[in-house]
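Enquirer: Supplied in structure tokens, the structure appears directly below.
The values are calculated or read from the model by the stated rules, or taken from the named source; none is laboratory data. Small disclaimer: the values here were computed from a predicted structure and weren't measured. Note that each Cβ is placed from the backbone with ideal geometry, even for glycine, and that neighbours are counted across all protein chains shown. Surface areas here come from the heavy atoms of the whole protein model, side chains and all, with no ligands, DNA or RNA. Shrake-Rupley method; radii C 1.70, N 1.55, O 1.52, S 1.80 Å.
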2 protein chains.
Amino acid sequence: MIGLEQIREIARASPSKIVLLVIDGLGGLPHPETGRTELESAKTPNLDRLAREGICGMVDPVGPGITPGSAPGHLALFGYDPLKFTVGRGVLEALGVDFDLKEGDVAARGNFCTVDANGIITDRRAGRISTERCTELCQLLDGVDIDGVEALVSPVKEHRFVVVLRGAGLSSELSDSDPQKEGLAPKAIAPLSPLADKAANIANKFTKEAWARLAHRHPANMVLLRGFAHYPDFPKMSEVFRLNPAAIAFYPMYRGLAKVVGMELLPTGATIEEEFSTLVEHYNSYDFFFVHVKETDSAGEDGDFERKVRVIEEVDSVLPRLIDLDPDVFVVTADHSTPAVLKGHSWHPVPFLLRSKWCRRDGVDQFSERACVAGGLGRLPATDVMPLALANALKLKKFGA
Amino acid sequence: MIGLEQIREIARASPSKIVLLVIDGLGGLPHPETGRTELESAKTPNLDRLAREGICGMVDPVGPGITPGSAPGHLALFGYDPLKFTVGRGVLEALGVDFDLKEGDVAARGNFCTVDANGIITDRRAGRISTERCTELCQLLDGVDIDGVEALVSPVKEHRFVVVLRGAGLSSELSDSDPQKEGLAPKAIAPLSPLADKAANIANKFTKEAWARLAHRHPANMVLLRGFAHYPDFPKMSEVFRLNPAAIAFYPMYRGLAKVVGMELLPTGATIEEEFSTLVEHYNSYDFFFVHVKETDSAGEDGDFERKVRVIEEVDSVLPRLIDLDPDVFVVTADHSTPAVLKGHSWHPVPFLLRSKWCRRDGVDQFSERACVAGGLGRLPATDVMPLALANALKLKKFGA
């Protein structure tokens, strides 16, 4: 596989434009009654038109049999090998609440929990306190200064929060304090490398300080931390692909993943129509657009086959707004499958289409899992998507003499 | 490619069951008169049914254009990259005679040969002595103790035998004593690394001792050794896949390969029916079954097109016994092609089918080389087979958050 280092050497800036539309969790499985997947059940004249005018294939987000989380699924589409470019749990959690992480930050996932008089955990989730309560408690902890390191605390949902340690020389190689079961005391956070002594010390002091400040806040009278991770220092798309990329995504997590690879985040609304309008509005200012549609995945996760079909049809109905822009390269695919019948992410490959003037059309005339199997691109890893898009936009020079 | 290390982190034990049926050398080439391959010529209603109810594809055992030996062909199907997990010649020879190798053992392939009064080789195969004679001579050498290392000698066939050196601290990085031609003396075995001095010394002393013991056994009055290899210390399937795997194979070599990856070896009979009965009998005790059918390969090696067709039909006729068990995942494929017209292993990809509740069926309604090309899985490396089987058995967790 060609790596980012090689791509960097052959990438060239050009005025041509690429639109990458990611329909989250698009891939599906047949409905037991009709034998048709969500995408096969939906009426999609515009997606079918793009498929007919383009070249199709089936994409493996991480690899055959591997069910991707959101981070590997997206990073692979952005051209970053998901086995090499990994994003830790704490960082994902912070991205998910739109926390503005900076290089050097160490983030962890936190739980408010209940401890008894002896410091023994009696409820790892503090009775699932309300998000309002969580927000109030986070304010109590937010901004604590520990030996010159700032602890920034943001609520997530119910008992969940994120803590970000901001200061010089902090390693993220730390063990969890969460023992993952009740009846035990929170564990001391241990350094997992010799360079992590300082960070472990800070994290333990934060826990101690939290205990003090939460003393009278039963049931949420203690915190548990896990998944310490550094904000990753990935090469930026502008450097490796010589693109000026923008992201249009309503959900924080996906904006966060776009930011990690250096995309400009465009403010947008919650609906598909608003997202597409944002693209139209900024079309002249960037040469690469990542557009993220979330609701297909949500419907799949909920096991709501019909709703997923309707979201796909909604995407299709608004699609002409983007088609009318006639971008040099138009890519439609997904970060992974989320079949409604499985109610979750799955390992199944996802349909893929690429339309450009130079795409070598195949005979596929419908955008669906089954039709794309016969596509001209065959089956390909998601990390091939960016090189293909760049090539079709004539943004890659010859490799070798 | 995702490696065993990553798989290990997402594998989870579950009660679901996987059956991997390997029809050795199944892939073929068209008969010059009919234009149909062995598999296409055979009546296979049950395999066709599985193909119809499952998802199909074409598997490359090692890589396009590469003709696999038995070891890489099987290891790849077991999920072990055959370019990384190699089994040496001596070890394969030992596995082929059911020698119970242990960790640390060093095995080599031996030939009885003829030397003249000056120690010059006049016949590298000692006139192809009978297997009975070979067995008798092996008894003469078996169990020799050399400086605390035990030399275990087992007959193979005609002039061929296996020697296993068992003792502490033996390296297998040794040169051959076999000069590969006549008119020369056997070469001294040289250490190929500084750590192999002891092993070289032992191996040379063994050769000397053999010469002494065989002095009056013309034409088999000397031995030639080659292919020294360590019994490999591969990670076990129970560790990396969290499976409780069993192997059902009549031929020693395949039992040996299954043992190398930690499968339990179930005693079975020589016929396909007996093998399948063994599976039925032990179905409740394991969650993964490797079933090996050898005769397709033997018929192909013999260039016997018709016999290969008949063996395929025999497999098909007994198949309902396994289908009736309704395993969560049923995989049928081969370790490589053995086209009768080529009378040997070949590089051609092999047909593959996987049936499970979650397999995303394709339109393939026949199990054959040509039909599987249009399968929903496209073309895939054999190392993807295990991740796919595990995923379809819901034995893999999400990768990344």
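Enquirer: Could you check the simple spin-label distance between residue B:218 and residue B:166, using points 7 Å along Cα→Cβ, in nm with one decimal?
Expert: Here the answer is 3.6 nm between the modelled labels.
Enquirer: Could you work out how much longer the chain between residue B:374 and residue B:323 gets when fully extended? Use 0.36 nm per residue separation minus the Cα distance between them, nm to one decimal.
Expert: Net length gain for the segment: 16.0 nm.
Enquirer: For A:253, B:1, A:222, what's the largest-to-smallest order of accessible area, 1.4 Å probe?
Expert: The residues order as B:1, A:253, A:222, largest area first.
Enquirer: If you don't mind, there's one more thing I want to ask. Per DSSP H run of at least 4 residues, take -39500 (n - 2.57); add these up for the protein assembly as shown, divide by its residues and hand me the 222 nm value, nearest 500 deg cm²/dmol.
Expert: -8500 deg cm²/dmol, from helical runs alone.
Enquirer: Please identify the GluC sites (Glu not before Pro) of segment B:25-58 that satisfy two criteria: DSSP loop assignment and at most 14 other Cβ atoms within 10 Å. Which are they?
Expert: Filter output for segment B:25-58: B:33.
Enquirer: At q = 0.07, 0.08, 0.10 Å⁻¹, work out log10 I(q)/I(0) for chain B with the Debye formula, treating every Cα as an identical point scatterer and leaving solvent out; two decimals please.
Expert: Evaluating at q = 0.07, 0.08, 0.10 Å⁻¹ gives log10 I(q)/I(0) of -0.37, -0.47, -0.71.
Enquirer: For residue B:22, what is the net charge nearby, where nearby means another residue's Cβ is under 12 Å from its Cβ and Lys, Arg count +1, Asp, Glu -1?
Expert: -3
Enquirer: Round to the nearest 10 and report in Å² the accessible area of residue A:70, as given by a 1.4 Å probe over the protein chains' heavy atoms.
Expert: Residue A:70 exposes around 10 Å² with every protein chain in place.
Enquirer: Could you work out how far apart the two model spin labels at residue A:117 and residue A:391 are, taking each label as a point 7 Å from the Cα in the direction of the beta carbon, and quote it in nm?
Expert: 7.2 nm
Enquirer: Right, next: If you add up the charges near residue B:261, with Lys and Arg at +1 and Asp and Glu at -1, over every other residue whose beta carbon is less than 12 angstrom from its beta carbon, what do you get?
Expert: Counting the neighbours of residue B:261, the net charge comes to 0.
Enquirer: Still on this structure, I have one more. Consider the operator that turns chain A into chain B: which A residue has a Cβ nearest its axis, and what is that gap in Å?
Expert: Of all Cβ atoms in chain A, the one nearest the axis gives A:378, 3.
Enquirer: Just how far, in whole angstrom, is segment A:234-284 from segment B:235-261 if you go by their alpha carbon centroids?
Expert: Between the Cα centre of segment B:235-261 and that of segment A:234-284, the gap is 49 Å.
Enquirer: For the pair residue A:361 and residue A:398, what calculated FRET efficiency results from E = 1/(1 + (r/R0)^6), where r is the Cβ-Cβ distance and R0 = 30 Å, to the nearest 0.05? Walk me through the numbers before you get to the answer.
Expert: Details: r = 24 Å, r/R0 = 0.79.
Rounded to the nearest 0.05, the efficiency is 0.80.
Enquirer: Give the shape of segment A:76-220 as rounded, prolate or oblate, defined through the alpha-carbon gyration tensor: a ≥ b ≥ c are the square roots of its eigenvalues, a/c under 1.5 means rounded, and otherwise the shape is prolate if a/b is larger than b/c and oblate if not. It would help to have the intermediate numbers written out before the result.
Expert: Working: a/c = 1.62, a/b = 1.40, b/c = 1.16.
Since a/c reaches 1.5 and a/b is larger than b/c, the shape of segment A:76-220 is classed as prolate.
Enquirer: Would you be so kind as to identify which of A:16, B:118, B:161 lies farthest towards the positive end of the dipole of the protein assembly as shown, taking Lys and Arg as +1 and Asp and Glu as -1 on Cβ and the Cα centre as origin?
Expert: The residue sitting farthest along the positive end of the dipole is B:118.
Enquirer: Send over the Kirkwood Rh of segment B:1-135, from the inverse of the averaged 1/r over different Cα pairs, rounded to one decimal Å.
Expert: Computed over Cα pairs of segment B:1-135, the Kirkwood hydrodynamic radius comes out at 20.0 Å.
Enquirer: Residues of B:391-399, mean number of Cβ from any other protein chain within 10 Å of their own Cβ, rounded to a whole number?
Expert: Averaged over the peptide's residues, the number is 6.
Enquirer: First select every other residue whose beta carbon is under 12 angstrom from the beta carbon of residue B:214; then total the charges, Lys and Arg +1, Asp and Glu -1.
Expert: Every neighbour counted, the sum reads +2.
Enquirer: Moving to a separate point now. Using the crude model of +1 on Lys and Arg Cβ and -1 on Asp and Glu Cβ, and no other charge, please compute the dipole size for chain A relative to its Cα centre, in debye to 20.
Expert: On the way: 45 positive and 55 negative charges, 145 e Å.
It comes to approximately 700 debye.
Enquirer: What is the gain in length, in nm to one decimal, between residue A:157 and residue A:244 on full extension, counting 0.36 nm per residue of separation less the C-alpha to C-alpha distance? Walk me through the numbers before you get to the answer.
Expert: Details: separation 87, 0.36 × 87 = 31.32 nm, distance 3.42 nm.
Between residue A:157 and residue A:244, full extension yields 27.9 nm more.
Enquirer: Which three numbers, in whole Å and largest first, are the semi-axes of the equivalent ellipsoid of the protein assembly as shown derived from its Cα gyration tensor as √(5λ)?
Expert: Semi-axes from the Cα gyration tensor: 54, 35, 26 Å.
Enquirer: Show me, bin by bin at 10 Å from 0, the whole-percent P(r) of segment A:66-120 based on Cα pairs.
Expert: P(r) for segment A:66-120, in whole percents per bin: 19, 38, 25, 13, 5, 0.
Enquirer: Between copies, how close do the residue B:63 label points come, placed 7 Å along Cα→Cβ, listed in nm from shortest?
Expert: Output for residue B:63: 1.6 nm, nearest copy listed first.
Enquirer: Right, here's the next one. Which of the GluC sites (Glu not before Pro) found in segment A:303-389 are loop residues per DSSP with 14 or fewer other Cβ atoms within 10 Å of their Cβ? Numbers along the way, then the final one.
Expert: Values: sites: A:306, A:313, A:314, A:369; in loops: none.
Nothing satisfies the criteria.
Enquirer: Suppose every Lys and Arg Cβ carries +1 and every Asp and Glu Cβ carries -1, with no other charges. What dipole size does segment B:155-224 come out with about its Cα centre, to the nearest 20 debye?
Expert: Details: 10 positive and 7 negative charges, 49 e Å.
Using Cβ point charges on Lys, Arg, Asp and Glu, segment B:155-224 gives about 240 debye.
Enquirer: When the expected Rg is taken as 2.2 N^0.38 Å, what fraction or multiple of it is the alpha-carbon Rg of segment A:149-228?
Expert: For segment A:149-228, the normalised Cα radius of gyration comes out at 1.08.
Enquirer: Helix A:272-282 against the longest principal axis of chain A: what's the angle in degrees, Cα atoms only, rounded to the nearest 10?
Expert: 80 degrees
Enquirer: Per residue, what volume in Å³ does the convex hull of the Cα atoms of segment A:1-69 enclose?
Expert: On the way: hull volume 11.1 nm³, N = 69.
Hull volume normalised by residue count: 160 Å³.
Enquirer: Can you give the Rg to Rh ratio for segment A:283-370, taking only C-alpha atoms and Rh from Kirkwood?
Expert: Result for segment A:283-370 is an Rg/Rh of 0.99.
Enquirer: Also: Quick one: label points 7 angstrom along Cα→Cβ at residue A:14, distances to the other copies in nm, smallest first?
Expert: 4.5
Enquirer: Among the lysines, which have Cα under 22 Å from the Cα of residue B:294 when same-chain residues fewer than 8 positions away are ignored?
Expert: The qualifying lysines are B:43, B:157, B:259, B:308, B:343.
Enquirer: Using the Cα centre as the reference, give the magnitude of the dipole from point charges on the C-beta atoms of the protein assembly as shown (Lys, Arg: +1; Asp, Glu: -1; all else neutral), rounded to the nearest 20 debye.
Expert: Roughly 920 debye for the protein assembly as shown.
Enquirer: For the pair residue B:43 and residue A:139, how long in nm is the line joining their label points, each one 7 Å along Cα→Cβ?
Expert: 8.1 nm
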